[in-house]
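**Q** Below is a structure I'd like to ask you about.
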Amino acid sequence: MQPDAEPPRKLLNLERGAPKEKAVGRKAVTNSLKHLHGQAGTKRSAQALYRLNQKGGFDCPSCAWPDPDDERSRFEFCENGAKAVATETTRKRIGAEFFEKYSVTELAEQSDYWLNDVGRLTTPMVLEKEASHYRPISWDDAFSLIAEELQSLDSPDEAAFYTSGRASNEAAFLYQLFARQFGTNNLPDCSNMCHESSGSALTETIGVGKGTVTLEDIEKTDCLMIFGQNPGTNHPRMLSSLEKTVQNGGKIISVNPLFETGLKAFSHPQKLSGILGKATPLASQHLPVRLNGDLALLKGMLKCILENEATSPGGVIDQKFIAEHTCGYEAMVDDLEKVSWSTIVEQSGLSEEEIRRATRTFTESEEAITCWAMGLTQHRNSVATIREVVNLHLITGKIGRPRSGLCPVRGHSNVQGDRTMGIWEKMPESFLQTLENVFDFQAPREHGYDTVDAIRAMHAGQVQVFFGLGGNFLSASPDTHYTAAALRKCRLTVQVSTKLNRGHLVTGDRALILPCLGRTETDLQASGPQFVTTENSMGVIQSSEGRLEPASPDLLSEPAIICRLARATLGERSTTPWESFEENYDRIREKIEAVVPGFEDFNQRARRKGGFYLPNGVKERVFETDSGKAEFSINPLSPIQLEEGQLLLQTFRSHDQFNTTIYGNNDRYRGIQNERRIIFMNREDMKERNLVAEQPVNITSHFQGVERTAELFLVIPYDTPKGCAAAYYPEANVLVPVESAAETSQTPTSKSIVITVAAHR
Ligand SMILES: Nc1nc2c(c(=O)[nH]1)N[C@H]1C(S)=C(S)[C@@H](COP(=O)(O)OP(=O)(O)OC[C@H]3O[C@@H](n4cnc5c(=O)[nH]c(N)nc54)[C@H](O)[C@@H]3O)O[C@H]1N2
Ligand SMILES: Nc1nc2c(c(=O)[nH]1)N[C@H]1C(S)=C(S)[C@@H](COP(=O)(O)OP(=O)(O)OC[C@H]3O[C@@H](n4cnc5c(=O)[nH]c(N)nc54)[C@H](O)[C@@H]3O)O[C@H]1N2
Ligand SMILES: [Mo]
C-alpha cells in the first residue's frame with residue numbers, strides 16, 4: 001500500500017465560540033510562553049527568546065516583517081514567532097530508532113501536527129527502493145548517492161532544486177551557484193506559490209519587484225489600505241506598527257472578505273494599557289469584498305478619482321508626477337471609462353457608497369500606503385489586480401516619497417533575500433553574466449522550471465531528481481494527489497529539513513532526509529562560529545546568529561550541505577573553492593558582494609547592528625522599466641463565472657500553523673478550537689443547501705470538466721460574502737487544480753477555487 005499523500009480524513013473534537021473582537025493581549029503572551037516552555041524547557045526557551053530579533057541576535061524564523069531600525073524592545077517577538085522558535089528548539093528528537101519503529105506508511109497515517117511534534121531530525125536517513133522504513137546513512141554515502149544520481153542524468157535539466165524561503169542568503173547564493181554550475185536553471189521556490197504575482201506586476205510597472213516603503217513610513221502614513229492579509233495571525237508584529245499608525249493619526253482600511261480580528265483592534269501585550277485589557281481600534285473602514293473582487297473595487301476607486309478631477313481639476317490627480325515620471329496614462333483613463341458602476345458593484349460585492357468613502361479617505365490623505373499579501377496574489381488575474389494597485393498610487397503620485405508607496409508583505413523570513421541571491425528560474429542576463437565572470441564557468445541561459453512546471457515535468461518523467469532545500473513541496477503545492485504522483489515518478493527525492501513532514505513520506509524510488517541546523521543554533525565551522533544574513537520585507541539585510549547547542553552533533557548547516565553536495569557532484573568540473581566557503585562564511589559574502597548589486601562592503605556592513613538597506617530606486621522616483629518611467633497599465637475585468645450551486649473557495653492559514661507546519665488545532669481569533677477540517681460558509685449559502693452548523697460535508701472542485709474531492713469537513717457559519725467560502729491549507733490543497741494558475745506569474749489559484757458542497761454520507 002502506498003503512503004497516503006493527504007492528511008488523514010479524520011475529525012477531532014470541534015469546540016466553537018464567537019470570533020474575537022480584539023487581537024493579542026495577555027492571552028497571546030501566556031500562550032506563547034506556555035508553548036515555548038512546554039517544547040523547549042524553561043532555560044532553553046528563555047535563552048532563545050532573549051536573542052530573538054535583537055540586533056546581533058537571530059532573525060525570527062517565522063514571517064518577514066521587519067524589526068524597528070532604532071530602539072528595540074526586549075520583546076521583539078510575537079505569539080507566532082514564539083511558536084516557530086518553540087518548534088525548532090524543542091527537546092524532542094527523532095533518530096534511527098524512531099524510523100525503525102514506524103514504517104513510512106504508518107507515519108503517513110499520522111496528522112501533520114503529530115509529524116511535526118515528534119521532534120527534531122538528528123541524523124541523515126535513506127529510504128531505499130521498495131523499502132518500508134528509512135534507515136540511517138552516513139553523510140559521505142548520502143552525498144555520493146546524490147552525486148551518482150545527478151551524474152547519471154541525460155541532461156542537467158532532469159534535476160529540479162526547490163528552495164523554501166527560510167534559507168539564508170549565504171545558503172541560497174551557494175545553492176543557485178551549484179545548480180547553475182551543474183547546468184540548470186531549474187530553481188523553483190515557494191515564492192512561485194506566494195508573491196510571484198507581486199514580483200511580476202511590480203517589475204513590469206515600477207521596475208523593481210519589491211516593496212517601496214520602510215517600517216517608519218507605515219507607522220507615520222496618513223492612510224494604510226490592507227488588502228488580502230491577516231496580520232493578526234501571519235504578521236503579528238505588524239499589529240504594534242498598526243497601532244502606531246492609528247495613534248499618529250493615520251487611518252486604516254481593511255479590504256478582505258472577512259473582517260479579521262487582527263484588523264479590528266489590538267491590545268498591546270507589552271504595554272500597561274494592553275495588560276489592563278484596553279485595545280486600540282484599528283481599521284476605520286472594512287470593505288467586505290467578494291473573493292477576487294479587488295480589481296473591480298480598485299477600478300471603482302480610480303473612477304471616483306477621475307470624477308473628482310472633472311469637478312475640481314488639480315484636486316487629487318498628480319498631473320506633475322504623471323507628466324514627469326509615467327507613461328500610459330491616457331490609455332488607462334480611456335479604458336476605465338468603459339467600465340460601469342453596476343459592473344463594479346456586482347463584481348466587488350461592495351456598494352458604490354462604500355467605495356466612494358474609501359476613495360475619499362485615500363485621496364484626502366496627504367500620504368498613503370497599500371499593503372497586501374496572499375489575498376491578492378493567489379488568483380488567476382492577480383498580476384492584473386496588483387498592477388491596478390500601482391495605477392492607484394501612480395495617478396495620485398503616492399509613491400516614491402516618504403510615507404507613501406507599495407508594500408507587498410512577504411511571507412517566509414528570507415523569501416525576498418533568496419530571490420536577491422539568484423533563486424529564480426529566470427534570473428536576468430546581467431546576473432548570469434556576472435556570476436559567470438566571478439566563478440569562471442558557463443551558466444545555462446534557458447529558463448528553468450518554476451513550481452508548477454516542475455510538478456508537470458516530474459509527472460511527465462522529465463525530471464528524475466528532486467532536491468528540496470527546506471520546505472514541504474508535497475503539501476504546499478497544489479493538487480496534492482497529482483503532485484504526489486509526480487514525486488513518485490522521480491528516481492531520487494532529497495529533502496534538507498529540520499522537522500519531519502509529509503513530504504518525506506511521498507517519495508521517488510529512493511529518498512534522503514538530510515537534517516540541518518536551525519536558525520537558533522550555533523553554527524561552528526573550521527574558522528569558528530558563523531553567522532548568516534537575511535533580507536526582510538522592506539529590503540533590510542541583517543545578520544542572524546544562533547547560540548543554542550545544536551539538536552544533534554550530526555547536523556550540518558545548510559551552507560555546509562551545499563558545499564559538500566557541490567564537491568561530490570561537480571568534482572574537478574568546478575574551480576569554485578567550496579571547501580573554503582564551508583570553513584568561513586565571510587568568503588561566501590565576498591562573492592555575494594562581487595555578484596549582487598547593493599552589497600558593497602558586505603562583510604563589514606553585515607556586522608553593523610541593525611544591518612543596512614538595499615538600494616531601491618523607486619524611493620527616489622527612479623523607475624528602471626523598459627521605458628525608464630513608471631507604467632500605467634490596462635487591466636480588463638475577467639470575473640470567474642460561477643454556475644448554479646457553485647461557490648468560490650479560498651484556502652488560508654489558521655492561527656496555529658506556519659504553512660504546512662501545524663503547531664496546534666485551534667484558530668483562536670476565528671473562534672475555532674480543536675479542528676482543522678472546517679469550511680467557513682455564508683449563512684444564506686448554507687440555508688440554500690439545507691446545511692446546518694457543524695454538519696459534515698464533502699467539497700468538490702470543478703475545473704475544465706475535472707472534479708476533485710476533499711472529504712469530511714465541518715460547515716461553520718461565518719461572516720463572509722455570499723458565494724465565498726474558506727478552508728484551511730494544506731487540507732484543502734487536494735482541490736487546487738495544478739493547471740489553474742495565475743496569468744504571467746503562474747501562481748496556483750489557492751484563493752479562488754470553484755467548488756460545490758454536499759452533505760457527507
Ligand atoms: N503564523 C504564521 N505566520 C506566517 C505564515 C503562517 O502560515 N503562519 N505564513 C507566512 C507566509 S509564507 C505568508 S505568504 C504569509 C501569508 O499571510 P496572509 O496572506 O495573511 O495569509 P492567508 O492566511 O493566506 O490569508 C489571506 C488573507 O486574505 C484574505 N483574502 C482571501 N482572498 C481574498 C481576496 O480575493 N481579496 C481580498 N481582499 N482578500 C482575500 C483572507 O480572508 C485572509 O485574511 O504569512 C507568513 N507568516
Ligand atoms: N492552498 C494553499 N497552498 C499554499 C498556500 C496557500 O495560501 N494556500 N500558500 C503558499 C505559500 S504563500 C507558500 S510560501 C508555500 C510554503 O511552502 P514551503 O516553504 O515549501 O512550506 P513550509 O510549510 O513553510 O515548510 C515547512 C518545512 O520546512 C522545514 N524547515 C523549517 N525550518 C527549516 C530550516 O531552517 N532549514 C531547512 N532546510 N528546513 C527547514 C521543516 O522540515 C518543515 O517541515 O505554500 C504555498 N501553498
Ligand atoms: Mo508565502
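The values are calculated or read from the model by the stated rules, or taken from the named source; none is laboratory data. Bear in mind that the values here come from a model prediction, so they are computed numbers and not experimental data. Every residue, glycine as well, gets a Cβ built from its backbone with ideal geometry; the counts of neighbours run over all protein chains shown. Calculation scope for accessible area: heavy atoms of the full protein, side chains included, ligands and nucleic acids excluded. Shrake-Rupley method; radii C 1.70, N 1.55, O 1.52, S 1.80 Å.
**Q** Note down, for region 127-229, the three equivalent ellipsoid semi-axes (square root of 5 times each alpha carbon gyration tensor eigenvalue), biggest first, whole angstrom.
**A** Numbers: eigenvalues 317, 61, 36 Å².
Computed over region 127-229, the values are 40, 17, 13 Å.
**Q** Here's another thing I want to ask about it. Among bridges DSSP assigns within region 427-555, what percent are antiparallel (round to 5)? Mind dumping the intermediate values first?
**A** On the way: 7 of 19 bridges.
DSSP beta bridges in region 427-555 are roughly 35 percent antiparallel.
**Q** Also: For Ser111 and Gln442, compute 0.36 nm times the residue count separating them, minus their Cα-Cα distance, and round to one decimal in nm. Mind showing how you got there, number by number?
**A** Working: separation 331, 0.36 × 331 = 119.16 nm, distance 4.54 nm.
This chain segment gains 114.6 nm when fully extended.
**Q** Return the FRET efficiency for the residue pair Ser273, Glu353: r is the Cβ-Cβ distance, R0 is 22 Å, and the value is rounded to the nearest 0.05. Kindly include the intermediate steps, with their values, before the conclusion.
**A** On the way: r = 34 Å, r/R0 = 1.55.
Once rounded, the FRET efficiency stands at 0.05.
**Q** With N denoting the number of residues in region 308-373, provide Rg(C-alpha) divided by 2.2 N^0.38 Å, to two decimal places. Spell out each step's value before the answer.
**A** Working: Rg = 13.8 Å, N = 66, 2.2 N^0.38 = 10.8 Å.
Compared with the compact-globule rule of thumb, region 308-373 sits at 1.28.
**Q** Set the Förster distance to 56 Å, then compute FRET efficiency between Ser152 and Gln673 from the Cβ-Cβ distance, nearest 0.05. All intermediate terms of the calculation are to be shown ahead of the outcome.
**A** Working: r = 51 Å, r/R0 = 0.91.
Computed FRET efficiency for Ser152 and Gln673: 0.65.
**Q** Quote to one decimal, in nm, the extra length available between Ser284 and Lys320 on full extension: 0.36 nm per residue of separation minus the C-alpha distance between them. Intermediate values should be presented prior to the final figure.
**A** On the way: separation 36, 0.36 × 36 = 12.96 nm, distance 3.08 nm.
Extra length available between Ser284 and Lys320 comes to 9.9 nm.
**Q** Between Trp341 and Glu739, with labels modelled 7 Å along Cα→Cβ, what's the label distance in nm to one decimal, could you check?
**A** The answer from the label model is 4.1 nm.
**Q** Got a number for carbon plus sulfur as a percent of region 196-408's accessible area, 1.4 Å probe?
**A** 51
**Q** Once you have a ≥ b ≥ c as the square roots of the Cα gyration tensor eigenvalues for region 230-303, tell me rounded if a/c is under 1.5, and otherwise prolate or oblate according to whether a/b is larger than b/c. Each step should come with its number before you reach the end.
**A** Values: a/c = 2.93, a/b = 2.08, b/c = 1.41.
Cα axes put region 230-303 in the prolate bin.
**Q** Could you give me the percent of Cα pairs per 20 Å distance bin for the chain, shortest bin first, beginning at zero and ending with the bin that holds the maximum distance?
**A** All Cα pairs considered, the percentages come to 17, 53, 28, 1.
**Q** So, one more: Looking at the P(r) of region 260-387, how many percent of alpha-carbon pairs lie beyond 20 Å?
**A** Details: 4543 of 8128 pairs.
More than 20 Å apart: 56 percent of the Cα pairs in region 260-387.
**Q** Once you have the Cα-Cα distance between Ala758 and Tyr613, take 0.36 nm times their residue separation minus that, and quote the gain in nm to one decimal. Kindly include the intermediate steps, with their values, before the conclusion.
**A** Values: separation 145, 0.36 × 145 = 52.20 nm, distance 5.18 nm.
Length gained between Ala758 and Tyr613: 47.0 nm.
**Q** Send over a whole-number figure in Å² for the accessible area per residue of region 484-587, probe 1.4 Å. Let's see the in-between values first.
**A** Numbers: 3130 Å² over 104 residues.
Roughly 30 Å² per residue, with all protein chains present.
**Q** Amide H of Leu649: which non-local residues (sequence gap of 5 or more, or other chain) have their own amide H closer than 5 Å, using H built in the peptide plane?
**A** Here Ala725, Ile753, Val754, Ile755 satisfy the definition.
**Q** Using modelled backbone amide H atoms (1.01 Å from N, in-plane), which distant-in-sequence or interchain residues come within less than 5 Å of Gln525's amide H?
**A** Gln530
**Q** If you consider only alpha-carbon coordinates, what radius of gyration and Dmax does region 640-759 have, in Å?
**A** In Å, with Rg to one decimal and Dmax whole: 13.8, 40.
**Q** Nearest-5 percent of antiparallel DSSP beta bridges in region 196-408?
**A** On the way: 3 of 21 bridges.
Here the antiparallel bridges make up roughly 15 percent for region 196-408.
**Q** Give me the Kirkwood hydrodynamic radius of region 625-670, using the inverse of the mean 1/r over all pairs of distinct Cα atoms, in Å to one decimal.
**A** Details: mean 1/r = 0.0640 Å⁻¹.
15.6 Å is the Kirkwood radius here.
**Q** With each pseudo-label sitting 7 Å past Cα toward Cβ, what's the Ser138-Glu684 distance in nm, one decimal?
**A** In this crude label model, Ser138 to Glu684 measures out at 7.0 nm.
**Q** So what does Trp65 come to for accessible area, using a 1.4 Å probe and Å² rounded to 10?
**A** Around 10 Å² of this residue is reachable by solvent.
**Q** If you don't mind, there's one more thing I want to ask. What percentage of the solvent-accessible surface of region 640-759, computed with a 1.4 Å probe over protein heavy atoms, is contributed by carbon and sulfur atoms?
**A** On the way: 1720 of 4060 Å².
The value for region 640-759 is 42 percent carbon and sulfur by accessible area.
**Q** Another question, then. Calculate I(q)/I(0) for region 436-502 by the Debye formula, one identical point scatterer on each C-alpha and no solvent, and give its log10 at q = 0.14, 0.23 Å⁻¹ to two decimals.
**A** Once normalised to I(0) and log-transformed, intensities are -0.49, -0.99.
**Q** Excluding Arg403 itself, calculate the net charge of residues whose Cβ lies under 14 Å from the Cβ of Arg403, where each Lys or Arg counts +1 and each Asp or Glu counts -1.
**A** Values: positive: Lys220, Lys244, Lys251, Lys398, Arg401, Lys619; negative: Glu216, Asp217, Glu219, Asp222, Glu366, Glu367.
My count for the surroundings of Arg403 gives 0.
**Q** Right, something else. Which whole-Hz couplings ³J(HN,Hα) result when phi for each residue of region 460-467 is put into the Karplus expression 6.51 cos²θ - 1.76 cosθ + 1.60, θ = phi - 60°, listed in order with x for Gly and Pro?
**A** The phi angles translate into 8, x, 8, 10, 10, 10, 10, 10 Hz.
**Q** Could you tell me which of rounded, prolate or oblate describes region 1-139, using a ≥ b ≥ c as the square roots of the eigenvalues of the alpha-carbon gyration tensor, with rounded for a/c under 1.5 and, failing that, prolate when a/b is larger than b/c and oblate otherwise? Please list the in-between numbers first.
**A** On the way: a/c = 2.64, a/b = 1.55, b/c = 1.70.
Here region 1-139 falls in the oblate category.
**Q** Would you please give the FRET efficiency between Phe259 and Ser430, computed as 1/(1 + (r/R0)^6) with r the Cβ-Cβ distance and R0 = 51 Å, to the nearest 0.05? Please list the in-between numbers first.
**A** Numbers: r = 45 Å, r/R0 = 0.88.
Approximately 0.70, to the nearest 0.05.
**Q** From a point 7 Å beyond the Cα of Lys10 in the direction of its Cβ, which residues of region 93-120 have a backbone N at a distance under 18 Å?
**A** Residues 102-119 qualify, since their backbone N sits under 18 Å from the label point.
**Q** Tabulate in residue order the Karplus-calculated ³J(HN,Hα) for region 203-220, using 6.51 cos²θ - 1.76 cosθ + 1.60 with θ = phi - 60°, rounded to whole Hz; enter x for Gly and Pro.
**A** 4, 4, 9, 10, x, 9, x, 10, x, 10, 10, 10, 4, 4, 4, 4, 6, 10
**Q** Along each of the three principal axes of the Cα atoms of region 373-514, give the extent in whole Å, ordering the values from largest to smallest.
**A** Rounded to whole Å, the extents work out to 57, 41, 30 Å.
**Q** Tell me, which cysteines of the chain are without a disulfide-compatible partner by the Cβ under 4.7 Å rule?
**A** Among the cysteines of the chain, those whose Cβ sits 4.7 Å or more from every other are Cys60, Cys63, Cys78, Cys190, Cys194, Cys223, Cys304, Cys327, Cys490, Cys516, Cys563, Cys724.
**Q** State the antiparallel share, in %, of DSSP beta bridges confined to the chain, rounding to the nearest 5. If you can, show how the numbers build up before the last one.
**A** Details: 42 of 95 bridges.
Around 45 percent antiparallel, to the nearest 5.
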